[in-house]
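The values are calculated or read from the model by the stated rules, or taken from the named source; none is laboratory data. Quick caveat, the model's predicted, so the values are computed rather than measured. Please note: Cβ atoms are built from the backbone with ideal geometry, for glycine as well, and neighbour counts cover all protein chains shown. Note: accessible area is taken over every heavy atom of the protein model, side chains too, but ligands, DNA and RNA are not part of it. Shrake-Rupley method; radii C 1.70, N 1.55, O 1.52, S 1.80 Å.
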Amino acid sequence: MITGDSVSIIEGGNQSGAFYQCTGLLEADLGTGITSIGVDTFNGCTSLASIICRAYNPPIVAGAFRYMPTTTKFYVPHERVNVYKAANGWREFASRIFSINDL
């Protein structure tokens, strides 16, 4: 799944996020315009190996990554890795946040 750079918000909802329980989703590639990822967007995406987030600033992600595999890796702009690791909603995944250059 790839979003274009013009997409800024991925809607979510309690147990009804955009990709809620999409068990066939292997990778999500989010464009540079993403500012917000809604609650439960990736809830139940049991095959999700990686999320590539190309946004310079960490998007708001309140509850977006609930109940995802503990092996899912996050790839973000190289120069912003530490910013993502410290950001609200992202810091709990800090050990799984890597530079896009590592892909």
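Taking segment 68-79, which residues are open to solvent by 40 Å² or more (accessible area, probe 1.4 Å) and touching a residue at least 12 places away in the same chain (Cβ under 8 Å)? Outline the logic, then answer.
Here is the first cut: in segment 68-79, the ones open to solvent by 40 Å² or more (accessible area, probe 1.4 Å) are 70-71, 73, 78-79.
Result: Thr71, Lys73, His78.
So in segment 80-103, with the set limited to residues that are closer than 19 Å to Asn43 by Cα and out of contact with any helix residue (DSSP H, G or I) (no Cβ under 8 Å at 6 or more places or on another chain), which one is most open to solvent (accessible area, probe 1.4 Å)?
Glu92
Specify the residue that is nearest to the chain's Cα centre (by Cα); the eligible residues are those in segment 60-80 that are under 19 Å from Thr32 (Cβ atoms) and of a type outside the set (A, V, I, L, M). First the steps, then the outcome.
Of segment 60-80, the ones under 19 Å from Thr32 (Cβ atoms) are 60-61, 64, 74-80.
Within this subset, residues satisfying the condition of being of a type outside the set (A, V, I, L, M) are 74-75, 77-80.
On the way: Phe74: 7, Tyr75: 9, Pro77: 13, His78: 15, Glu79: 17, Arg80: 14 Å.
That would be Phe74.
With (1) over 11 Å from the mean Cα position of the chain (by Cα); (2) part of a strand (DSSP E or B) as the list, and Val83 as the residue in question, which single condition is left unmet?
With (1) over 11 Å from the mean Cα position of the chain (by Cα); (2) part of a strand (DSSP E or B) applied to Val83, the lone miss is (2).
A quick yes/no check of all residues on (1) of a type outside the set (Gly, Ala, Ser); (2) modelled with pLDDT of 95 or more:
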position	(1), (2)
Glu11	yes, no
Asn14	yes, no
Val39	yes, no
Arg54	yes, yes
Ala64	no, no
Phe74	yes, yes
Val83	yes, yes
Ala87	no, yes
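For residues that are without any contact (Cβ under 8 Å) to a residue 40 or more places away in the chain, part of a loop (DSSP other than H, G, I, E, B) and not polar (S, T, N, Q), scanning just segment 1-19, find the one that is farthest from Leu103 (Cα to Cα).
Here the answer is Gly13.
I'd like the residue in segment 20-67 that is of a type outside the set (A, V, I, L, M) and outside any loop (DSSP other than H, G, I, E, B) and, out of all such residues, is surrounded by the fewest Cβ atoms within 10 Å (Cβ to Cβ). Give the derivation first.
So in segment 20-67, the residues of a type outside the set (A, V, I, L, M) come out as 20-24, 27, 29, 31-33, 35-36, 38, 40-47, 50, 53-54, 56-59, 63, 65-67.
Narrowing further to those that are outside any loop (DSSP other than H, G, I, E, B): 27, 29, 36, 50, 53.
Values: Glu27: 15, Asp29: 13, Ser36: 16, Ser50: 16, Cys53: 25.
Filtering segment 20-67 for residues that are of a type outside the set (A, V, I, L, M) and outside any loop (DSSP other than H, G, I, E, B), the one surrounded by the fewest Cβ atoms within 10 Å (Cβ to Cβ) comes out as Asp29.
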